[in-house]
Every structure is written in C-alpha cells, then in structure tokens.
Amino acid sequence: MALAYVSVGVAPRSVGKCGPERVALRAYFVLPGARALSYVYSTMETPMLIDHTAAFIREKFLHEGSGHDWEHIRRVWQVARALARDTPHADPLITELGALLHDVADWKFHDGDEQAGPRAARAWLLSQGVGEEVIGPVEAIIREISFKGLGVPTPMSTVEGELVQDADRLDAIGAIGVARAFAYGGHKGRPLHDPTVPPVQHDSFETYKKNMAPTINHFYEKLLHLQERLNTAAARRVAEGRQAFMEAFLQQFLREWEGEDVG
Ligand code: ADP
Ligand code: NI
C-alpha cells in the first residue's frame, strides 16, 4: 500500500506525499526516547473521523445566527483543504480537523474563556479515540487562530495553522465578511454605526475582548487589516478582490449615512 504521508516522531509533521490521493494510513516512526505513539489510522478510519467531526459540528452550528454558523465552518474547511493541497508538508488531517473545530467553543460566546475551544476539541477528539500527536496540534490551531487586537501579533506555530487562519480570515472579508460583521453586531445588539465613537487600536487581547463599539468600527479595528496579515500567497491573491469590495462598501455606506448621494 502506498503511503500518502508519513508523520515522524513526536512532532506530527508530514514529510512526504507519495501518492496522488490522500491515503489514510499514518505511519509513525518513533524516534529514540520518544514515547510510543498511540494509534495508526487504517484506510477506513481517517475519512470516517473527518466525516464524524463534520457531522458533529454541522449539528451543533446549523442554526447559529451570529455568522459563526455551519456554513462559515464549511467554507473555512473547503478553503483550508484547497490551500493544503498546494502546500508541501501540510498534514491534511490536522488541517481539516483544525478547520472543522476552530470555532467549536469560541471565547466570544464563552465569557471570554480562551481555553473553552481547545478543551472542547480535545474532548471530542478523545471521544473518537484520537491520539495526542493529533490533538496537540489541533488544540494549538484553536488557541492561536483568533484575531486579538490590531496591535497584537497572532503567529501560528504550524503550517497547518497558517492555512486554517488564512481560510478563517478570508471568510471575514469581502461580501461574506460584510454580512457576517453585521450578523454578529445584530446578535450582540450593537448599533450599525456611530460617527461619534472613533475606532481604536487594541494593544492587548483583554481590551479587544471588552470592545462594545458599533459594527462599522470593526472594519477599521480588524477587517481592513486582515489582508496584510495573511500567511500564504494564495490567500493574498483571493483577498485582493474581497478587500476592494469591502472598501467600496464602506465608502458607499458612509456616503449614504451622510446623504451625500441625495440631491
Ligand atoms: P476570529 O477568531 O479571528 O475572531 P471568527 O471565525 O471567530 O474569527 O469570526 C470573526 C468574525 O466575527 C469577524 O470577522 C466578524 O464577522 C465577527 N465579529 C467579531 N467581532 C465583531 C465585532 N466587534 N463587530 C462585528 N463583527 C464582529
Ligand atoms: Ni471562524
């Protein structure tokens, strides 16, 4: 049987792709001193794990109304998967699980608790018999992925994390980004716009979390800056059109707000 990818030792990195298709056999070579890794996925199990995880998340988020619904997760999953196909050494399993689970228990909906997401993902993956070599990197993606304020860098510690972060950020800009921002603002009872409340630069995650500003401010405090914070050239290419759309939307919104286009 051909191996599509092989993970080596304690660091779960893909080191090669030998077949045209992902084959779900993961072979672990335990380096001297490393503890034995706990499982090997058979050809049946990896697709099943992805399917079960997608079904679990779909069920949980199908009727969510703040822009963090199943369709957001589905788009992030598809885009992350496409980015992974073009990224040497990206582990498809970790990318897909990271994408599917990245908003499983977002701090925004859990009283600011940053550990809620990693904890929920761990519990789900443990219930599926997944080992630490996969759980660890998936937890790291969830811990690291979120925007935390304009003045706060958000580097990802794995290539898989970079792809999921790009996919998540692409879904926060463009036409869908505009729709999601207002869905979120409405969900939280925020005004659309208030010209007397200027946007601010948040230099810490704590002040960013406490932010209650009108939705238009979110464009200046986050959304317009996502393009320059993308990790991959492929995502940057997609972002160009979305960025232009978002800028045109804002210009028109502010013109209409002041009635500049009337009379
Ligand atoms: P992140 O983890 O980077 O926050 P998410 O996938 O959780 O990414 O989704 C973030 C999206 O939620 C934003 O892009 C926006 O659409 C919405 N959102 C979050 N905070 C606000 C806000 N203060 N005002 C309007 N929309 C917001
Ligand atoms: Ni998301």
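The residues of the range 185-211 that are within 8 Å of ligand 1 (Cβ to nearest atom) and without any contact (Cβ under 8 Å) to a residue 60 or more places away in the chain, listed by number, are GLY185, ARG190, ASN211. Restricting attention to the range 142-168, the residues that are assigned to a helix (DSSP H, G or I) and either more than 11 Å from ligand 1 (Cβ to nearest atom) or of a type outside the set (Val, Ile, Thr) (or both) add up to 11.
Taking the stated definitions as given, is HIS89 touching a Lys or Arg at 6+ places or on another chain (Cβ under 9 Å), open to solvent by 60 Å² or more (accessible area, probe 1.4 Å), closer than 29 Å to VAL238 by Cβ and in contact (Cβ under 8 Å) with a residue 60 or more places away in the chain? Spelling it out, HIS89 is indeed touching a Lys or Arg at 6+ places or on another chain (Cβ under 9 Å), open to solvent by 60 Å² or more (accessible area, probe 1.4 Å), closer than 29 Å to VAL238 by Cβ and in contact (Cβ under 8 Å) with a residue 60 or more places away in the chain. Once the range 99-130 is narrowed to residues that are within 16 Å of the chain's Cα centre (by Cα) and of a type in the set (Gly, Ala, Ser), the residue that is surrounded by the most Cβ atoms within 10 Å (Cβ to Cβ) is ALA99. Give the residue that is surrounded by the most Cβ atoms within 10 Å (Cβ to Cβ), with candidates limited to residues of the range 218-247 that are without any contact (Cβ under 8 Å) to a residue 60 or more places away in the chain and either farther than 14 Å from PHE147 by Cβ or of a type in the set (Asp, Glu) (or both). Going through the qualifying residues, I end up with ARG236.
In the range 93-119, which residues are at pLDDT 95 or above and more than 14 Å from ligand 1 (Cβ to nearest atom)? If the condition is that a residue be at pLDDT 95 or above and more than 14 Å from ligand 1 (Cβ to nearest atom), then LEU93, ILE94, THR95, GLU96, LEU97, GLN115, ARG119 are the ones that fit. Condition check: more than 14 Å from ligand 2 (Cβ to nearest atom), closer than 24 Å to SER204 by Cβ and in contact (Cβ under 8 Å) with a residue 24 or more places away in the chain. Does GLY131 satisfy that? For GLY131, the condition - more than 14 Å from ligand 2 (Cβ to nearest atom), closer than 24 Å to SER204 by Cβ and in contact (Cβ under 8 Å) with a residue 24 or more places away in the chain - is not met. Could you go through the range 67-84 and let me know if any residue there is modelled with pLDDT under 95, within 14 Å of ligand 2 (Cβ to nearest atom) and crowded, with 17+ Cβ neighbours inside 10 Å. There is at least one residue in the range 67-84 that is modelled with pLDDT under 95, within 14 Å of ligand 2 (Cβ to nearest atom) and crowded, with 17+ Cβ neighbours inside 10 Å.
With the checklist (1) within 11 Å of ligand 1 (Cβ to nearest atom); (2) open to solvent by 50 Å² or more (accessible area, probe 1.4 Å); (3) touching a residue at least 60 places away in the same chain (Cβ under 8 Å) in hand, flag the one item ALA175 doesn't pass. Exception for ALA175: condition (1).
The values are calculated or read from the model by the stated rules, or taken from the named source; none is laboratory data. Since this is a predicted model, take the numbers as computed values, not measurements. Glycine gets a Cβ as well: all are built from the backbone with ideal geometry, and neighbour counts include every protein chain shown. All accessible areas refer to the heavy atoms of the entire protein, side chains included, with ligands and DNA or RNA removed. Shrake-Rupley method; radii C 1.70, N 1.55, O 1.52, S 1.80 Å.
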